[in-house]
């Protein structure tokens with residue numbers, strides 16, 4: 001029997017459900033990846049994301065060659081290309097792992113119908129998450145709308161089902177297919193219509209596994225505090241790998257729990273805090289799958305202060321935020337890190353999002369789109385869920401008054417200004433007690449430290465105290 005394994009957001013060999021099933025059931029396997037031409041043309045995602053994906057594909061291609069099943073690729077409309085490949089290669093079955101995004105669900109439904117019309121079976125599997133939306137529900141079978149309840153049920157389901165990983169397939173021979181399969185190199189980012197760049201995080205399954213082990217050997221046991229400090233290596237840096245499936249979330253949870261049995265410094269609270277982040281990731285996918293309208297708008301319509309009206313003032317403020325020129329060092333450091341590397345520390349993501357929504361009063365969807373275009377780990381479910389959390393339109397019960405003070409956050413989580421100096425070099429000469437509020441420097445201090453406010457570094461584009469009060473006042477008006 002001949003099968004096609006259609007790779008999507010699962011670019012690995014380890015614990016890859018569809019691949020393992022295909023290799024177990026078929027005599028001949030054809031691995032396929034389809035570059036989604038309409039998505040490429042939309043530029044919904046940016047160069048950082050595309051270059052990371054290409055690096056992951058190159059690593060996957062090398063690994064598949066070792067199995068004797070060379071990766072094939074096509075470019076175009078995914079529905080048409082998958083169906084055409086199945087017909088051209090006379091496949092008996094097409095295997096893939098499921099996706100929770102609404103447009104992916106619709107695409108897969110159309111492909112399944114087309115394949116069925118041709119008498120070709122479609123086999124789909126769970127892969128992106130430990131538990132899919134329908135597996136973790138309330139007693140009544142309804143989807144959860146609160147993380148705390150979801151988390152409790154998630155852990156109950158974990159202990160009840162005791163998930164295990166699936167093995168890496170053994171090498172295969174597909175000699176009969178050799179004349180039908182191409183051996184073209186993968187396209188470059190330039191050929192796909194994007195700028196070439198070296199990803200800030202090493203792409204590919206091999207690097208994902210190395211990074212996971214590095215994290216488990218040290219940072220995870222200081223994670224509860226370390227994850228909040230952008231100047232240190234305290235987070236896992238695995239989010240891009242989860243995004244493209246170069247690391248299995250099931251394997252990651254098992255590995256994290258396994259670290260608790262090792263000798264040396266082991267911290268159960270820190271390990272469980274990191275696993276909580278993986279459960280948050282699954283919760284956001286649970287929300288997207290159960291309530292697909294969140295992809296286009298708020299999870300719930302609540303009385304929050306309205307965003308600033310469209311116009312030149314709004315555009316100037318948004319551009320200052322995008323380019324890291326707000327006059328608030330921690331905000332500017334975060335946005336410049338994003339623009340330069342395609343990644344931003346999670347604590348800083350919350351700070352810059354709060355600043356955009358609450359201080360600048362710019363709609364959260366504009367921030368969501370900007371992040372999606374610039375992040376290495378651009379993921380619809382997580383990005384949307386986190387932005388709606390900051391905007392208080394999501395599942396979180398908190399009303400619209402969670403307002404981060406960027407200066408206090410900066411002093412608390414980057415007290416020495418190390419992170420700020422890394423991405424805002426014009427402030428590098430300032431001492432720690434001055435770097436968080438450079439606009440308070442006297443003229444003599446500006447000359448002494450070589451930091452001239454208004455020319456070398458911008459003055460604050462808004463006054464946080466006043467912006468906060470305006471937001472609160474508007475909130476009282478909409479509550480009436």
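Helix 205-216 sits at what angle to the longest principal axis of the chain, using alpha carbons and giving 0 to 90 degrees rounded to 10?
So the inclination is approximately 50 degrees.
For region 29-121, what is the largest minus smallest coordinate of the Cα atoms on each principal axis, given in angstrom and ordered from greatest to least?
39, 34, 21
Once fully extended, how much extra length lies between residue 117 and residue 465, figured as 0.36 nm per residue of separation less the alpha-carbon to alpha-carbon distance?
Working: separation 348, 0.36 × 348 = 125.28 nm, distance 6.30 nm.
Taking 0.36 nm per residue and subtracting the Cα distance, the gain is 119.0 nm.
Tell me the mean residue ellipticity at 222 nm calculated for the chain from its helices only (DSSP H runs of n ≥ 4, each -39500 (n - 2.57), averaged over every residue, nearest 500).
Numbers: 20 runs with 227 residues, N = 480.
The helix-only estimate for the chain comes to -14500 deg cm²/dmol at 222 nm.
Going by alpha carbons, how many degrees (0 to 90, nearest 10) lie between the helix axis of 249-258 and the longest principal axis of the chain?
The two axes meet at around 70 degrees.
Using the Kirkwood formula over every pair of different C-alpha atoms, what hydrodynamic radius in Å results for region 78-201? Write down the numbers at each step before the final one.
On the way: mean 1/r = 0.0533 Å⁻¹.
About 18.8 Å, per the Kirkwood formula over Cα pairs.
Of the labelled options (i) 24.0, 80; (ii) 22.5, 90; (iii) 25.4, 89, which one gives Rg and Dmax of the Cα atoms in Å as computed for this structure?
Given (i) 24.0, 80; (ii) 22.5, 90; (iii) 25.4, 89, the structure-derived one carries the label (i).
As a footprinting exposure proxy, order 290, 235 by other Cβ within 10 Å, with the fewest listed first.
Details: 290 16, 235 22.
Going from sparsest to densest Cβ surroundings: 290, 235.
Helix 364-374 versus the longest principal axis of the chain: what is the Cα-based angle in degrees, 0 to 90, to the nearest 10?
That helix lies at roughly 60 degrees to the long axis.
Expected output is a single nm value to one decimal: the length gained when fully extending between residue 106 and residue 161, i.e. 0.36 nm times separation in residues minus the C-alpha distance. What is it? Write out the running numbers ahead of the final one.
Details: separation 55, 0.36 × 55 = 19.80 nm, distance 2.94 nm.
The residue 106-residue 161 span can extend by a further 16.9 nm.
For residue 277 and residue 58, compute 0.36 nm times the residue count separating them, minus their Cα-Cα distance, and round to one decimal in nm. Before the final figure, lay out each step's value.
On the way: separation 219, 0.36 × 219 = 78.84 nm, distance 2.84 nm.
Working it through step by step, the gained length comes to 76.0 nm.
Please state the relative contact order of the chain as a whole percent: Cα pairs under 8 Å, 6+ residues apart?
18 percent.
Going by how many other Cβ atoms sit within 10 Å of their own, how do 363, 377, 106 line up, fewest first?
Working: 363 17, 377 22, 106 12.
Least crowded to most crowded, the residues run 106, 363, 377.
All of the numbers you see were taken from the coordinates with simple rules; none came from a lab. Since the structure is predicted, the reported quantities are computational estimates derived from the model, not experimental observations. Counting neighbours? That spans all protein chains shown, and the Cβs are built from the backbone with ideal geometry, glycine included.
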